[in-house]
Amino acid sequence: YGQQHYDYDKGVLSFTAPNQVQQLDLQNMECGSGYLLIFHPDFLLQHTLANSIHHYGFFDYAVNEALHLSAEEEDNLIMILHKIDKECKHIDKHTQEIILTQIESLLKYSNRFYKRQFLTRKNNNSALLARFEHLIDGYFNSEVQGLLTVQYLATQMNLSPNYLSDLLRIHTGQSTQQHIHEKLIAKAKEKLSTTSLSVSEIAYALGFEHAQSFSTLFKKKTNLSPLEFRQAFN
């Protein structure tokens, strides 16, 4: 998947959001036991999960970014699924609330397990982080064609934007967008302090269509306008 090899054959968990497509070729795969939990977005209405579910970024991960569970983690989640299954067979006025509470527990556990995975797969992630730095440096050291975007970097790394940002946040404390802004500001400071280019010329060289957008971002990140920085530096 995505020109990468699967490194597991069992104990895997993946998430699919509405309008996404997944396909299992059951005729050509050896299939063990498994569970599938499907719920309609309307089922979450009038519950806090209707809003909080959007904070679980793994619904927008790619298939090859699945969660690899340990035996203990798998048992914890299967226990929750059994509780949901049991509630579905006993419908009363409490059923929906109890099921939603169990779904929320499953998501919280999965969030914890994903954070564990980002750390335990450190060697593989170190290579990804090095490649990320190479890509972002290469972009700004070449002739820039428009603003660098999260989507561009994720595509170059065969990762989903959410997975890339979560990976970076766990290992560096910053999202992909924050890394882009940090590099932008560093390059801007370099050009402001070592060249005589105007603010507009620097803005266009960094990919901005409008110099005002560049000035606004620069002041937000440094508390100085580009001209104030140049004057202070000089």
Task: Only listed residue being out of contact with any helix residue (DSSP H, G or I) (no Cβ under 7 Å at 6 or more places or on another chain) and β-branched (Val, Ile, Thr), chosen from Thr149, Thr222 - done: Thr149
- [ ] Report yes if Asp42 is open to solvent by 60 Å² or more (accessible area, probe 1.4 Å), of a type in the set (D, E, K, R) and at pLDDT 85 or above, otherwise no.
- [x] yes
Open item on the list: Quick check on Ala71: is it at pLDDT below 90, small (Gly, Ala, Ser) and open to solvent by 60 Å² or more (accessible area, probe 1.4 Å)?
Closed with: yes
TODO: Report the residue count in the stretch 150-175 for those that are open to solvent by less than 60 Å² (accessible area, probe 1.4 Å), among the polar types (S, T, N, Q) and without any contact (Cβ under 8 Å) to a residue 40 or more places away in the chain.
DONE: 2
Task: Residue count, the stretch 45-54 (criterion: more than 19 Å from Lys93 (Cα to Cα) and either of a type in the set (Lys, Arg) or loosely packed, with under 12 Cβ neighbours inside 10 Å (or both)) - done: 2
TODO: For Leu36, state whether it is open to solvent by 70 Å² or more (accessible area, probe 1.4 Å) and modelled with pLDDT of 85 or more.
DONE: yes
- [ ] Test each condition in (1) surrounded by 17 or more Cβ atoms within 10 Å (Cβ to Cβ); (2) at pLDDT 90 or above for Thr216 and report the one that comes out false.
- [x] (1)
Task: Residue satisfying all of: in the stretch 74-90; open to solvent by 70 Å² or more (accessible area, probe 1.4 Å) and assigned to a helix (DSSP H, G or I); nearest to Arg112 (Cα to Cα) among these - done: Asp75
Open item on the list: Out of the helices (runs of 4 or more DSSP H) lying entirely within the stretch 131-234, which hold 3 or more residues that are within 28 Å of Phe58 (Cα to Cα)?
Closed with: 150-156, 161-172, 176-194
- [ ] Only one of these is open to solvent by 60 Å² or more (accessible area, probe 1.4 Å) and modelled with pLDDT of 90 or more: Glu182, Glu104, Glu143. Name it.
- [x] Glu182
TODO: Taking only the stretch 99-139 into account, find how many residues are more than 25 Å from Ala154 (Cα to Cα) and touching a residue at least 12 places away in the same chain (Cβ under 8 Å).
DONE: 8
TODO: Could you list, in sequence order, all residues of the stretch 187-196 that are open to solvent by 50 Å² or more (accessible area, probe 1.4 Å) and under 12 Å from Pro226 (Cα atoms)?
DONE: Lys189, Glu190, Lys191
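The values are calculated or read from the model by the stated rules, or taken from the named source; none is laboratory data. Since the model is a prediction, treat every value here as computed from it, not as a measurement. Glycine gets a Cβ as well: all are built from the backbone with ideal geometry, and neighbour counts include every protein chain shown. Ligands, DNA and RNA are stripped out before the accessible areas are found, and what is left, the full protein with its side chains, is counted by its heavy atoms. Shrake-Rupley method; radii C 1.70, N 1.55, O 1.52, S 1.80 Å.
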